[in-house]
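Contents: one structure, followed by commentary.
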Amino acid sequence: MNRLETDTESPMDPLDLESFLPHQGTDFVCWIDPEHTVSIRLVSATEVSRSAHQRQFALHFSGPGDHFIQQATYLVAHPELGETELFLVPIGKTGDGFEYEAFFNRLIESA
């Protein structure tokens, strides 16, 4: 597998909203299989809900129109964030590509 060289060798950890916010508008590499990648762009990182016990947020990506990404878990990488696996769900089609979502539901630890 040909991996992306990143400034960090550790995976994106923790996966929290604040990690993704500064990288809206930047590209991530998505491994479709060990030999093929697709570039997807982080369009938005948005908090959906927050309570005393959990926090939900969504990442929205846009991808090219010539390659549809099936709903599944994929290895994704970013030059500054490193790499991790995300469960991507197709949520729509635009004039020039497809849109995908990764949704997070994080428990908040009590102090």
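Is one or more of the residues making up segment 70-77 aliphatic (A, V, I, L, M) and surrounded by fewer than 14 Cβ atoms within 10 Å (Cβ to Cβ)? Within segment 70-77, one or more residues are aliphatic (A, V, I, L, M) and surrounded by fewer than 14 Cβ atoms within 10 Å (Cβ to Cβ). For residues that are within 13 Å of Asp16 (Cα to Cα) and modelled with pLDDT of 95 or more, scanning just segment 39-56, find the one that is farthest from the chain's Cα centre (by Cα). Per the criteria, the residue is Thr46. Scanning segment 89-111 for residues that are in contact with a Gly (Cβ under 9 Å, 6 or more places away or on another chain) and among the hydrophobic types (A, V, I, L, M, F, W, C) returns a single hit, Phe98. Inspection of segment 4-26 finds no residue satisfying the criterion of being in a strand (DSSP E or B), among the hydroxyl-bearing types (Ser, Thr, Tyr), at pLDDT 90 or above and loosely packed, with under 14 Cβ neighbours inside 10 Å. Among the residues examined, Glu109 does not qualify as loosely packed, with under 15 Cβ neighbours inside 10 Å and either at pLDDT 95 or above or in contact with a Ser or Thr (Cβ under 8 Å, 6 or more places away or on another chain) (or both).
Please work out which residue is nearest to Phe103 (Cα to Cα), limiting yourself to segment 29-50 and to residues that are acidic (Asp, Glu) and in a strand (DSSP E or B).
From segment 29-50, those acidic (Asp, Glu) are 33, 35, 47; that's our starting set.
Applying the additional criterion that residues be in a strand (DSSP E or B) yields 33, 47.
Details: Asp33: 22, Glu47: 10 Å.
Within segment 29-50, the match that is nearest to Phe103 (Cα to Cα) is Glu47.
The values are calculated or read from the model by the stated rules, or taken from the named source; none is laboratory data. Remember, it's a predicted structure, so these values are computed and weren't measured experimentally. Neighbour counts run over all protein chains shown; Cβ positions are idealised from the backbone, glycine included.
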